[in-house]
Structures are given as structure tokens and as C-alpha cells.
1. Would you be able to tell me the number of residues in the range B:416-439 that are assigned to a helix (DSSP H, G or I), surrounded by fewer than 23 Cβ atoms within 10 Å (Cβ to Cβ) and among the small types (Gly, Ala, Ser)?
2. Quick test for you: out of A:MET18, A:MET45, pick the one residue that is in contact (Cβ under 8 Å) with a residue 40 or more places away in the chain, touching a Gly at 6+ places or on another chain (Cβ under 7 Å) and among the hydrophobic types (A, V, I, L, M, F, W, C).
3. Please go through the range A:171-183 and give me each residue that is surrounded by fewer than 24 Cβ atoms within 10 Å (Cβ to Cβ) and either under 22 Å from A:LEU298 (Cβ atoms) or without any contact (Cβ under 8 Å) to a residue 12 or more places away in the chain (or both), ordered by number.
4. Taking into account only those residues within the range A:228-247 that are at the interface with chain B (Cβ under 9 Å from one of its Cβ atoms) and part of a loop (DSSP other than H, G, I, E, B), which is surrounded by the most Cβ atoms within 10 Å (Cβ to Cβ)?
5. When only residues in the range A:436-450 that are within 20 Å of A:LEU354 (Cα to Cα) and facing chain B (nearest Cβ under 8 Å) count, which is surrounded by the most Cβ atoms within 10 Å (Cβ to Cβ)?
6. Need pairs with beta-carbon distance below 9 Å; first residue without any contact (Cβ under 8 Å) to a residue 60 or more places away in the chain and more than 9 Å from every other protein chain (Cβ to nearest Cβ) and within the range A:275-304, second surrounded by fewer than 20 Cβ atoms within 10 Å (Cβ to Cβ) and among the aromatic types (Phe, Trp, Tyr); sequence gap 6+ or separate chains.
7. For the range B:185-228, name all the residues that are within 12 Å of chain A (Cβ to nearest Cβ), of a type outside the set (D, E, K, R) and in a loop (DSSP other than H, G, I, E, B).
8. Can you report the number of residues in the range B:378-423 which are over 30 Å from A:GLY232 (Cβ atoms), polar (S, T, N, Q) and touching a residue at least 60 places away in the same chain (Cβ under 8 Å)?
Amino acid sequence: MSNANTAHDHHDDHDHPMPTGFKRWFMSTNHKDIGTLYLIFSLSMLMLGGAFALVIRAELFQPGLQFIDPHFFNQMTTVHALVMVFGAVMPGFVGFANWMLPLMVGAPDMALPRMNNWSFWILPFAFLILILSFFVPGGAPASGWTLYAPLTIQGGMSVDMAIVAIHMMGISSIMGAINVIVTVLNMRAPGMTLMKMPMFVWTWLITAFLLIAVMPVFAGAVTMLLTDRHFGTAFFNPAGGGDPVLYQHIFWFFGHPEVYIMILPAFGIISHIIPTFARKPLFGYSSMVFATAAIAFLSFIVWAHHMFTVGMPLQGELFFMYATMLISVPTGVKVFNWVTTMWRGSMTFETPMLFSIGVVFLFTLGGLSGLMLAITPADFQYHDTYFVVAHFHYVLFSGAVMAMMGGAYFWLPKWTGHMYNEKLGKIHFWLTAISFNVTFFPQHFLGLAGMPRRYADYNPIFTEFNQWSSIGAFCLGLSQLLFIYIIVATVRGGKKATAQVWDEPEGLEWTVPSPAPFHTFDTPPTLK
Amino acid sequence: MLFSQRGRQAVKLSAVSAFLLSSLLGSLAKADYGLNFQTPVTGVARDIYDLHMLIFWICVAIFVGVFGVMFYSIFKHRKSKNYTPATFSHSTSVEVIWTVIPFLILVGMAIPATTVLIKMEDTTKSDLTIKITGYQWKWGYDYMDGSDISFYSTLSTPRTQIDQFNADTATEIGENYLLETDKALIVPSGRKVRALITANDVIHAWWIPAFGTKKDAIPGYINELWFNVDVGKEGVYRGNCAELCGKDHAYMPIVVQVVTGAEFDQWTAGGGQFNAQGFAKLSDSNEAPVVKEAVINEAVVTEATAAAVNTNAPVIETAESQGSSDLAESVVEAVIPAAQASEASMQDLLASGEKVYITQCAACHQATGSGMPGVFPAITASPIATGPTEPHIDIVLNGKPGTTMAAFRSRLSDDDLAAVVTYQRNALGNSVGDVVQAADVAAKR
């Protein structure tokens, strides 16, 4: 990795020899290595969470119970969600942040490298505890990822293990967020004012504030759950005067900003990809920044739209309906800006661009079903049906996950120094996009026709759409093996990538060689 | 760039259309599979349906507009057509326009939504109030207007249809699979029915799609909803529990039978009787044909009646069991002293206890008594079911706080409790040999 002909390496040669083996990967303080660890971890969790999803889809292929009992089914839905949210999506974006933020702001590393190491290495142990809960009496948590009380008060010791795991994931996320904020605010290259920062940096900065604001809230909620379970408190236990709805309010005060934690960095990624392949600057940079901030603010005042059916007063329902509808204004601004960035560009459609167009198209579809869900009277009918399942997979899979895939193709040449196989990348995109739609589009109809979510079994009237969904899910899962193959092949070899990789892309990351040397920007770059 | 786009237009076009087609795939499927809401039968449900369609078409229009522009751009503004990129990067006027116009669209959506919501939440001036209680995993209904009708409604789909693990023992899945109950909620058409909704253990949600009603049933809370089914829409409507409530969340459906106002009055006047199909029994011509059903019905008596009948119930129970059960024929001839005339025999208790066990206990403790390790304790060889009777009666009466084990104090009569406790002690692989009588249960209350 040490190309002697780069100015950047000159410094390392006599100062920090690159560690190898255990020392390099386990004791790393290097943002690139830690970023790589995060990305590998995220991909493994994506596969694990996907495997759980396939168990669910196998059982739902036909009415009746063919493979698993309803209790195990509930464990699958619960752990699938926990693994995907906290194991795949969030660490995935932290991986991108670790790799790209220092490169984008012209910093030599993250501001707090030792904490960076720690925040990663907590995660494998957190998930180990969560997965081990399958093997305790009663199996893994089966109360849905929302861990609603009082159902969780009934649960076995796996609930306690999940609570410990969530605390660890929370600590990891908060440390990651602090690191991002400190890096972005203190270590930008001279001349890079806030309003000159790349969009990915902006979206991550705002995401980091969201994380710091809400992860402790979630930690508080699960701690109260823990004391209700073991120490005789009755925060949520009605038998002791507690309030089950209080849990939902606290959970969703965390849960709704969490949704944006999982999507804002995705917005950032595609805001880099689309201008690059449209060969035209991002349209409305400052409105993009303000829209991101507006979404982040609004995300704090809409939480109760997840719980319209709990019996809130009319005034509360109206407030949360109006606030929720408002979110579509800044979100719409972003979509219009991306489309206008493409408008009169000179577009080419390499894999990252295909994924980004897929994200804009499918995320917007999920956004519009979200607007339907915001309409309270109609939400009473959509709530807790497959319509909701379809909606959040459109925003989370075809929003967050597909944006990360696009980002991976976009920056893989920078990370590995090799071009990926473009033909395979495109095949991967089309397989993913088509099988994703086969899986989740029919679920809109299932929900409207009356199939509740989190059901292990259903009336035969729902069979056909469930079968489409299951077939799609298996295709979607298997298609990701191609993704892994492409990544491994690109790491091992391939056409050498230039420093720029693409056609005159914007940003400091394209000024360093490919692969990016172990240490970059030892001296701050000068901005044009 | 890396790959020329030329000569691949056909391939790409077909790929794009496959992508779009896959989005529309569902709508090409057979129409009778239900693509939209169920046909509404109340005014509110119709309002919701209209609102839903209004918002849907607005969303479709936005979607088509935005992506019409995007795909036009994708096909026209591409490097392979040597399109020279423009350099513009912002336009304040355009940004203001596409902030203000969506806002105005939202206001247009919010007005009808607010109107419907206000209507939905107005539970005043109701003609009838029913209390709905969610249990793991059944629904309890109490008519609050003096008729004292009260019953539980449980899934009636046979276990053999649900368990398809082994094709040899499974039976074919029926039309109303998982949407059928032993007793329907009976409501009149043309009257405003208000429901007070609560739960006994965890959160459930009561949902009838055709009525446009869904509300959470939360322990410690009393929520309200109302519906007024159109006259002429009498019939059977089916719904589900819509909030994850544990293992058998998918197995606690809701069935509502809507009858005319006159029929409803007749039904309540007759004390709220059900026929074998679990629907309202209105006259003698509608008599339940199967004796067995009558016995099962007996298992769920109203609390008020149960209390009144308690003292002489064992006699009735014994008589019925002997009349309907073959077991009774084989009862060893025993001279029952007059003083013990109200005591039931082991065989009688086992026979009725089994029925209670299957409807009340088997969902968790399993039909074999094996339970689910770590989740639901086994009855077979359990310390409680094989130890002294007192703690056994106590846990069945009062439940175990913090667990799924419910208190059956108000759900079952003394006779049923005595029967099921005796059954648990002397069946399911246990053979303690003692007999628990209704009087023993009554003493513990």
C-alpha cells in the first residue's frame, strides 16, 4: 500500500510503519482500517439479518404452520429488525463516515482515534450477546424490535440480554457520533467553511447530533424496562400503576429520529453520486443543507404518528398529523433537487448511478406511502398491517441499504485501488431492484386488504401475494451473494483505478491516490 | 467513461421496463385477491376510504410528474447522446415554488383529513355501549346497558388446520381460516355502537377493516371507538388483533355479526344465546343442533349467572356430563352419600376439565401439557400440578404477575376451575389422584 511516489507516504515511512496482523486490525486507530472493519461488520449483519428474514418468508409462503411455531416466528421478526437497524444500517453508515469524512474534509484521521477503535470493538460483543439470546431458555426476544411493555415484562432472560446489547450499541453509536462532530467541527482543511462542506459531511454532522440526542433516550427506556422486570418498579406495568403508553412515547421519541439517522447519510451519499455521473454540480446545495436540518428538527416532533391508535386526544392526533405531513416539504425539496441535478446533465449509468436513481425512485415511492400513513384517519386502517411493512422497507432497504450499495461501488476503487467489474455491478443492481420490488410491492396490497403485520399465519385469501413476496425475498437474498463476490474480487485485483476514478468528480477524496494511502493529509490540503 | 452505452439501448430499455413492471406486478394479479380496502359498511369507513383514495391519487400524480421529468431527463440528457451538460446549480425562485406548492397540496390534504378525524373521535350520543377486553389470546365482550350479556370469543379454527408440519395429520385449510370464532360479537345495524376497549395482560388492538375502526386495547386504559353499520348491511364481518401480543397474536380473530335492530333486541331479551356456528340464536327454529356445543357454551357463563348458579352448579354439571358423555356410562357404580351429592366424580371432572384445558390452557401449556421450555412451564410433572392443591388452585385463580399466566378468577366458574385443576393433576402425564371440588375453589376465592 505504500506507493513511494506520493507525497503523503513520505511522512509515514519514518514515523509510523504500518502495523500488520492482529495489531493492525484489532488495535487500529486508523480511520480507514476502522472504516473497513465497520463495513465488513455491517455486511455480515446484513447477511445474518437477511437469513432471519428468509426464515420469516419461508413460513409465510403458505397459510398454516409449515416450519416454525409462532413463538420462534416472533423471535425472527424481532431479531431481524434489531440486527438490520443496529447491526447493518447504522454501523454501515459509520463505516462510510470513518473512511470518507477525514478524506472529504482534508483531515489526517478522525479526531478521537482510540475512541474510534473502542466504538467499533464494542459492536461485535453487543451482537454476540444478542445472538446468544437464542440459546437461553425461551429463546431470543419475541416482542418486536420496539420491545413494547408490558409484553417485554413477560419475556424471558433474552430480554435482559437484548437490553444489555442495546446499551452497548448505544454507547458505540454515541462515541461514533461524538467523533464525527469533533472531527467535522475541528479538523476541516483551511478554507473549508461549513457551507463549503460536502453534502455527506453535512448529513453525517446532523445525523451525529440526532444520535447524541436520542440514543440516551432509548437507553433510558430500556433501563426502565429492566427495573420493571427485576427491581419492582412499575414505570410501564399497569398492575403497579405504571403506564404502557409511556413506554411507547419514550421509545418513539428515540424511534422516529432513528429513522432519519438511517436515511440522512444515505441522502448524503447519493448527493455525491448523482452530480458525478450527471457531470453537473449538485442543484441547490444550500437548500439541501437547510432541508436536512429541517428534517432533523421535525423528526423530534412527529414521534406519536407511530401510535395514533393508542387513544390520544384529538388535539394530539391533529398536531402529530400536521407535523408529520410537514416533513414531506423538505424531503420533497431534496428529491426535486436530485432530479434537477440530473436535468440537462450529461449522464452515464455506471452502477453507483443506477443505485442512486433506484434510491431516488423507490425511496420517493416509500415517502409517498409515508405521506398516506401520515393522514391519521387512514392510518387507523394502515397501522400494524403489511402496508406499513412495505412502506418502511421502501425507505430503509431501497433508501438506506441501496444508497450504501451505491456508495460502496462509488468509493470501492478509492478504497481498493481497483475498478470493480462494471457488468457484474449492473447485474447486481437489476437483480436487487427487481427482486426487491417483487418482495415488497405486493405487501402494499396485503396490508390494504387487511393482513396484519407480525403474523405467523394468515387466511388463504392472502396466499398469492405472500408467495410473490417470499419468492422475491429469496431472489433478493441470493442476489447479495453476487455483491459479496464483486467486493472480494475487487479487493483482490482488477483494473487499476486512477486517483480521480470517475470523470472529474468533486471533492478532496479524489485528490489522493487510489487506493488511498494508509495516512493521508498529514499536511492540510489547500482548497481551490 | 468506462463502458460505452451505445448498442445497449435495447437491453437497457427492457431492463428498465422489467423494473417498472415489477413495481406494477401486484396490480396485474387477480382482482379478487384484494388490492384495496375491504368494502366499507359504515359512514366513517366510507369517509376513510374516500380520503385514502384522494391521497392515493394525489400521490400518484406527484409520482408520475416527478419521475416523468426524471425519466425524460435520463433518456435525453445522457452522455451517449453527446448531450452537453448545463452548469446551473441553483435558482431561488424555483426552490421557493417547489417549497410552497407542496405545502399548499398538504393543506388541501389536511382539511378533509381533519374533518374525518373529528367525526371518528366523536363517541357521544351512542345507542349502545359494549366493553371489549383483550386477553392473551381471546376477546371478552360485556354488554354495558343492563342486559348483562357477557362472553369470551376464541378462535374456532381446528388445530389440525393450523399445524401443517406433518401432511399426514393436517387437514385442509378452510375458507374462514383464522377468521372464525366460537362466538361472534352481536351488534345491531343502524345504531351507534360505542365500544370501551381495554386489556387484561398486554396490549392488543381491536380491528374490523370494514367498519373503519382500529383501537389499541391497553391494560390500565379504557379507549373508545364507535361504529354505526348501515341498515341493509347486516352480515358477518371479520377482523384481527392488530398489536403484537405474544405467541398467538395471529390466533385471536374478531368476528362481528351485524343483525337488524329488532333482531338485536330479540337476542338481548333472550339472554344472548348462540347457535352452534357461534352466531346469534334468535328463535327456536334456530336451535343449536349439536348437544356438545351446549356443554361448551356452559363453560363460559356470565359472571353474574355464574355467581348465582354456583351453589347448585355441580349438580347440573354432573347431570349434563352424564347425559352427554360416554365416560359417564362407565362410571363405577358408587353409592354417593346424600351429604356429598353436590360433589362431582373424578371422571366427570376429567371430562369437563379436558374441555376447559383445551380452550383455556393449551395455547401456552400445549395440548400435551409439555409447555414450551423457557416460555411456558410444563404442566406434566410440574411442582405445582403435582404438589399440594392449595398453591395449584391459587395460581389458576390469581395468575402469576409479570408473566403470561392470567388470573382465571373472573373468567371461569368454580366448577370449571375445579375441573381443570383436577384434570391437570390427573391427566397430561400426572396422576396425583386427588380431586378438587368446586367448594375447594370457592373457599380460596
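The values are calculated or read from the model by the stated rules, or taken from the named source; none is laboratory data. All values reported here derive from a predicted model rather than from experimental measurement. Here the Cβ positions follow ideal geometry from the backbone for every residue, glycine too, while neighbour counts run over all protein chains shown.
1. Of the residues in that region, 1 qualify.
2. A:MET45
3. The one that is surrounded by fewer than 24 Cβ atoms within 10 Å (Cβ to Cβ) and either under 22 Å from A:LEU298 (Cβ atoms) or without any contact (Cβ under 8 Å) to a residue 12 or more places away in the chain (or both): A:ILE181.
4. A:ASN237
5. Only one residue tops the list, namely A:ASN437.
6. A:ILE301/A:PHE319; A:ALA304/A:PHE319
7. Scanning the range B:185-228 gives B:ASN200, B:VAL202, B:ILE203, B:GLY212, B:ILE218, B:PRO219, B:GLY220, B:TYR221, B:ILE222.
8. So the answer is 2.
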